[in-house]
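Engineer: Take this structure, written in structure tokens, and hold onto it; I'll ask about it next.
The values are calculated or read from the model by the stated rules, or taken from the named source; none is laboratory data. If you're wondering where the values come from, they're calculated on a predicted model, not measured in any experiment. Every residue, glycine as well, gets a Cβ built from its backbone with ideal geometry; the counts of neighbours run over all protein chains shown.
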Amino acid sequence: MKVVILAGGLGTRLAEVTSEIPKPMARVGPEPMLMHIMRVYAAHGFTEFVIALGYRGEVIRDYFTSYRAMHSDLTVHLDTGAVEYHRSPDVPWQVHLIDTGASTMTGGRIKRLAPILKDEPFMLTYGDGIGNVDLNALLQYHREHGKWITVTAVHPVSRYGKLVIEADGTVSQFVEKPQFEDDWINGGFFVMEPDILDHIDGDDTVLEREPLERAARRGQLQAYRHAGFWHSMDTLRDLQQLNELWRSTTVPPWLSQP
């Protein structure tokens, strides 16, 4: 099953980084966020990726086209230009890099990928959110319910500390960045049937508006609840927190078991 990753947006809320590179290429530890997301899928056996390019797409193209050379021991014959690889990275993935337009909306990007998706079910996520989602369980859940779309629902995390205050003003509990346990939000990590392509009009269609709203009205949108680790990368603060997690753990939490 192909994995579509939306990687073409402007990333304006992370402008400190995205003035030069597309948002999914922001570094978490030694690798771009995009690679971390792909490693989550690869850990579950999904290794064919379709990257929907847009803003600064050439940065992503350059990264993957030079990946082997940058991660290998090699000999270059300057007279002929021949390159011998002595040690290459063990990353047996197939990565399709597809230009879906600089200003195309999220739904439109998916519509443009129709020729490569070939009327088959596919997985989809954003290039700025990561979690330890059990993707095989997600796929099984999707198949059991038979809807057009299954979306992974996650608990949002407050950006502020929570105070529990007693009647006399005493603070009895302080929780830094608590989860809102009663609320669920779109965490990406979708499974989609090809039917959804018929409900995307064109480049100006925003996936999260007409297509998802229409699917919900028709009872064709199912939620897979994920209560484990999930983290977005919307702002510079989010990026800094992801890097702190990377530095503080041997195995990043998004690669641990849900």
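Engineer: Could you list, in sequence order, the residues of the stretch 4-23 that are touching a residue at least 60 places away in the same chain (Cβ under 8 Å) and acidic (Asp, Glu)? Steps first, answer last, please.
Structural biologist: Kept after step one, since they are touching a residue at least 60 places away in the same chain (Cβ under 8 Å), are these residues of the stretch 4-23: 4-9, 11, 13-14, 16-17, 22-23.
Within the stretch 4-23, just 16 meets the criteria.
Engineer: If we scan the stretch 238-248, do we find a residue that is surrounded by 15 or more Cβ atoms within 10 Å (Cβ to Cβ), among the aliphatic types (A, V, I, L, M), more than 21 Å from the chain's Cα centre (by Cα) and assigned to a helix (DSSP H, G or I)?
Structural biologist: no
Yes/no per residue for (1) in contact with an Asp or Glu (Cβ under 6 Å, 6 or more places away or on another chain); (2) of a type in the set (A, V, I, L, M, F, W, C):
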| position | (1), (2) |
| --- | --- |
| 82 | no, yes |
| 86 | yes, no |
| 91 | no, yes |
| 104 | yes, no |
| 107 | no, no |
| 133 | no, yes |
| 138 | no, yes |
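Engineer: Also, I was wondering about something else. Which of (1) within 24 Å of residue 136 (Cβ to Cβ); (2) touching a Lys or Arg at 6+ places or on another chain (Cβ under 9 Å) does residue 41 not meet, given it meets every other one?
Structural biologist: For residue 41, the failing item is (2).
Engineer: Given the residues 78, 74, 6, which is the only one that is in contact with a His (Cβ under 7 Å, 6 or more places away or on another chain) and not in a helix (DSSP H, G or I)?
Structural biologist: Answer to the check: 74.
Engineer: Only one of these conditions is not met by residue 35: (1) surrounded by fewer than 19 Cβ atoms within 10 Å (Cβ to Cβ); (2) part of a helix (DSSP H, G or I); (3) of a type outside the set (Phe, Trp, Tyr); (4) modelled with pLDDT of 95 or more. Which number is it?
Structural biologist: Condition (1) is where residue 35 drops out.
Engineer: Follow-up. Could you grab me the full set of residues in the stretch 24-45 that are under 11 Å from the mean Cα position of the chain (by Cα) and in contact (Cβ under 8 Å) with a residue 12 or more places away in the chain? Give the steps one after another, and end with the answer.
Structural biologist: Applying the first criterion (under 11 Å from the mean Cα position of the chain (by Cα)) to the stretch 24-45 yields 24, 33-41.
The answer is 24, 33, 34, 36, 37, 38, 39, 40, 41.
Engineer: What's the number of the condition residue 48 fails, among (1) at positive phi; (2) within 17 Å of the chain's Cα centre (by Cα)?
Structural biologist: (1)
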